[in-house]
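The values are calculated or read from the model by the stated rules, or taken from the named source; none is laboratory data. Keep in mind the model is a prediction, meaning the values are calculated, not measured. In this analysis, Cβ positions are derived from the backbone assuming ideal geometry, glycine residues included, and neighbour counts consider all displayed protein chains.
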Amino acid sequence: MLYANLLYFLVVIFVFSTNTPAKEPVPGPWTALLSGAFALFLFSRLAAKLYSRSLNGSSRLYFSAEKKLSILAVALFTFFVYGLDLKYYLHPLSMDDHLPVLENLAGLAVFFLLLSVMWVQARPAYQVVFQRKYSSPAFIVTNIKANLPIVLPFLVLSAAFDLLGLLPWPRFHALLISPWGDLLLFAVFVCFLALFFPPLVRWLWSCKPMPQGPLRQRIEAFCRSQGFSSEILYWPLFEGQVLTAGIMGIVPRFRYLLITPALLAALDEQELDSVLAHEIGHVKKMHLVLYIVLFFGFSILAGALAEPLPYLLLGSESFYRVLGLLHTSPDALLAVLTSLPLLAFMLIYFRFIFGYFIRNFERQADLYVFKAQGTSGPLIRSFEKIAVLSGNIRDEKSWHHFGIGERIDFLEKCEQDPGLIRRHDRKLYVSLGVYFLVILCVVLAMQRIDVQSMAAGFETRYAEAVLEQKLQQEPDNSLWLQLLGDLMQKKAMEKKAIEAYDKALALNPMNAELNNNLAWLLLTARDRSVRDPVRALTLARTAAMLKEEGFILDTLATAYWANGLLEEARATEVKAARIDPENRKYYRSQWQKFRTRSWAAEP
């Protein structure tokens, strides 16, 4: 379940962290609150119904209900974020973006609230299946503590970044946003995982040291024979009734070997040694370190995809067609269309790439039993017992482990052909080599990507979409029409610019800049068929009457020139130079042009 929960929390963290808080929420506070409460009520009723099917003591039905409801909780959380603008209401916690980790923590708390609703309904079935009594609060706390290790690395990394960003050191801030900053944060992340994470998880999971006695002494003796040392802990996973073991920790001082009581009760001495050999194999083959590397590799690949993706979308006409169909905010649509490929990539990466490696790491750990015991017989017997005692799961498969039957079959083949062990190691090392080569190529490619060049030409098209959306929201606001006219003029779409300016003037006829901009366009349009010097003069006089500024008087002087009124043009340019002395040289050049050239001959 831990690997499945990892995927759920990854999706939740991604959905929340990639969402941008709305400037104004679409549903009001009361609507959002009532809608959220109603969704929680329906979720609670469905959870009660699904868990009632496992009240006969079926662990299979219990875990099936948990899986379905966890996926539904992720979907509901996504609805809260995008449908109810959850981040808008939580954003003040970030203290003006100085501590986003507090906002992220609140978002995760909402997801834990959804899970708590599920756990309240799960408690009666859990008590029947695992024969343990809990009060509702205690059961919720137990489950929260069981899942906290999944999100702690994210929270610690976020907190480290936020707190380092608060330091009053400009050079350090520049380092944080550089590629070296990523390495610094990764170093903090690794130190946390190596030194602080294992003891914290030990406490959260209520793992207790195995007491001194023959069993512990035998386990310690076997570990010493393999050149391995760690603290040995009872793992009370699902009241200790699940047949499993695990290893946690990179540094030997903070390394823990976890074993459930049910597994100890089910296996004989040789079988227990084979399971220990499997866990030791993870350490000997550096799998715990490689897990961290695979997470870091994801951040590199996701960053490489995330940087150019918005510009690829903005350069596609499909984006603007979808925008026209949905009548939504360009910012919101861009955020969603950027997030969806990244979300898909994350799911594909962890489901298939990460899943491929951890499955083969498990197989490689299985094969360590040949070095430790010389044969796979005890491990095969262990797997057969685990499969039967866990509910005949021999043929079940998962994305993160080969099925028990598959693992047994491969061990039996290796008994017949020991060369398969070397070939599997070679396959895994080649796969890792290809993976690292891809990461290296991505890093080099990222350095060659010129994002500014990709962005060139997209700004005006995007700005046009933003202005059109603003016009739909506020059709009586002349500012948006004026800005649209300015943008159309910049794009040499002069007829559309004139149309926008005319609409703006109809709403706000006494706007000096509007009169001036339209007058200038009517005087200088590349399309000579839209030029109108007579109207331009009227507009320019209105603009100058409303506001006497150098650039407005220059437009008026140009209008006088276009209408053959040279003396008026000269006097107006002199006045503009007096009002705006910094641009006197430009106004003089304008007068020289008026004296020597004809407006009608202007291109």
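Overview of values
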read-out	value
Odd one out for Y356 among (1) in a helix (DSSP H, G or I); (2) within 15 Å of H278 (Cβ to Cβ)	(2)
Residues of segment 55-72 classified as over 15 Å from L2 (Cα atoms) and hydroxyl-bearing (S, T, Y), total	3
Positions within segment 66-95 being in a helix (DSSP H, G or I), aliphatic (A, V, I, L, M) and surrounded by 15 or more Cβ atoms within 10 Å (Cβ to Cβ), in sequence order	L69, L72, A73, V74, L76, V81, L86, L90, L93
Segment 232-254 - residue that is out of contact with any strand residue (DSSP E or B) (no Cβ under 9 Å at 6 or more places or on another chain) and part of a loop (DSSP other than H, G, I, E, B) and, of those, surrounded by the most Cβ atoms within 10 Å (Cβ to Cβ)	L243
Segment 26-59: number of residues that are surrounded by 13 or more Cβ atoms within 10 Å (Cβ to Cβ) and either in contact (Cβ under 8 Å) with a residue 12 or more places away in the chain or among the charged types (D, E, K, R) (or both)	20
Qualifying residues in segment 401-436 (those that are touching a residue at least 24 places away in the same chain (Cβ under 8 Å) and under 17 Å from L243 (Cα atoms)) - the one farthest from the chain's Cα centre (by Cα)	I408
Looking only at segment 96-112, and only at residues there that are in contact with a Leu (Cβ under 8 Å, 6 or more places away or on another chain) and either without any contact (Cβ under 8 Å) to a residue 24 or more places away in the chain or within 22 Å of F43 (Cα to Cα) (or both), the one that is surrounded by the most Cβ atoms within 10 Å (Cβ to Cβ)	G107
Some residue of segment 466-477 being among the charged types (D, E, K, R), at pLDDT 70 or above and part of a loop (DSSP other than H, G, I, E, B)	yes
Any hit, segment 571-590, residues being buried (at least 23 other Cβ atoms within 10 Å of the Cβ) and either small (G, A, S) or not in a helix (DSSP H, G or I) (or both)	yes
